Amino acid sequence: MLRICPAPAGVTSESNSFLKVDPRKKQITLFDPATNGPQNTTRGSQVPPKMFAFDAVFPHDASQAEVSAGTVAEVIQSVVDGADGCVFCFGHTKLGKSYTMMGKDDSMQTLGIIPCSISWLFKLINERKEKTGARFSVRASAVEVWGKDEKLKDLLSEVATGSLQDGQSPGVYLCEDPICGMQMPSTQSALAKQLQNQSELRAPTAEKAAFFLDAAIASRRSSKPDCDEEEQRNSHMLFTLHVYQYRMDKSGKGGMSGGRSRLHLIDLGSCVKALGKSRDSGAGLCLSLSALGNVILALVNGSKHIPYK
Ligand SMILES: Nc1ncnc2c1ncn2[C@@H]1O[C@H](COP(=O)(O)OP(=O)(O)OP(=O)(O)O)[C@@H](O)[C@H]1O
């Protein structure tokens, strides 16, 4: 899915004439800027127009609600049906990734995908409870990956303990996942990693989950006044809603069945500058976000090598 960001102040729509957006056909076409737009492609351009198709295309004037509804409705349905889901926004710096995921809380119209997802997930759970009698329990966790060294911080540890702690939580760590590893060929088991030990707090209502989201944002390194621009770009937040559901067995013997599914909502930063620097120094490698696509493809295809770094 693609969202076109609004043109910066002072940039007219003519300056954007290298781009034709067709939300109905879910495609965009890029023209050689030298030809000055789709009307003039015959005027000596060496480069033919390039068309790209998506599952959805949101033009520059699409509202936050349109973007949220178009991206998360299906994912939330799947999570309530028992599958894991993940939503993140990916792109160059300052193009509106955080705006799309978090939005602004000055009005309902500017809320982003994460707050909308919280509200819709609980609405769907309540409908499902009424319809099927299933019992649900939701928990929230939030972890930040920050800095060139990709430090992990449990963003809800302060709320969990009720005390103020500073710096990196000693609790949260990455570890090989024995279950996921067993399902993979032995060569890959070492690559299956899971975040462990982050605080998972009970969120019986959407309001409580939204409270945890606010607490997590406030706890982020990138929210601190002394955080510089580079640190802000290198701050990524993983906010997860863990949905546990239980049903009485139909056998009537009083047994229960159920399981857990997770909705991961991720606010990615952008490591653009860190790429050059870390390659020079050879430490704290942070790949460009465009490399993320290769990581996802490798995981989905079960590749032996996952190009994390
Ligand atoms: N669709 C939009 N409508 C209104 N304002 C927007 C929109 N997209 C982005 N902005 C504004 O543009 C600015 C940059 O957006 P944002 O911080 O979300 O970018 P980003 O891609 O997350 O940046 P970074 O790479 O630093 O993480 C913000 O002030 C944001 O409010």
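If you take every residue apart from K129 with its C-beta less than 13 Å away from the C-beta of K129, what net charge results, scoring Lys and Arg +1 and Asp and Glu -1?
So the surrounding residues net to +3.
Amide H contacts under 5 Å for V172: D154, restricted to partners 5 or more places along the chain or on a different chain, H placed in the peptide plane at 1.01 Å from N.
Positive contributions from Lys and Arg (+1) and negative ones from Asp and Glu (-1), summed over other residues with Cβ under 10 Å from the Cβ of D84, come out at +2.
Could you give the semi-axes, largest first, of the ellipsoid that matches the stretch 51-106, computed as the square roots of 5 times the alpha carbon gyration tensor eigenvalues and rounded to whole Å?
Its equivalent ellipsoid spans semi-axes of 21, 15, 12 Å.
When the residues M1, M101, M256 are ordered by accessible surface, computed with a 1.4 Å probe over the protein chains alone, the sequence from largest down reads M1, M256, M101.
Per residue, the Cα convex hull of the stretch 77-136 amounts to 89 Å³.
The values are calculated or read from the model by the stated rules, or taken from the named source; none is laboratory data. Everything numeric here is computed off the predicted structure, so don't read it as measured data. Positions of Cβ are generated from backbone atoms using ideal geometry, with glycine treated the same way; all protein chains shown enter the neighbour counts. Please note that ligands, DNA and RNA were not included when accessible areas were found on the heavy atoms of the full protein model with its side chains. Shrake-Rupley method; radii C 1.70, N 1.55, O 1.52, S 1.80 Å.
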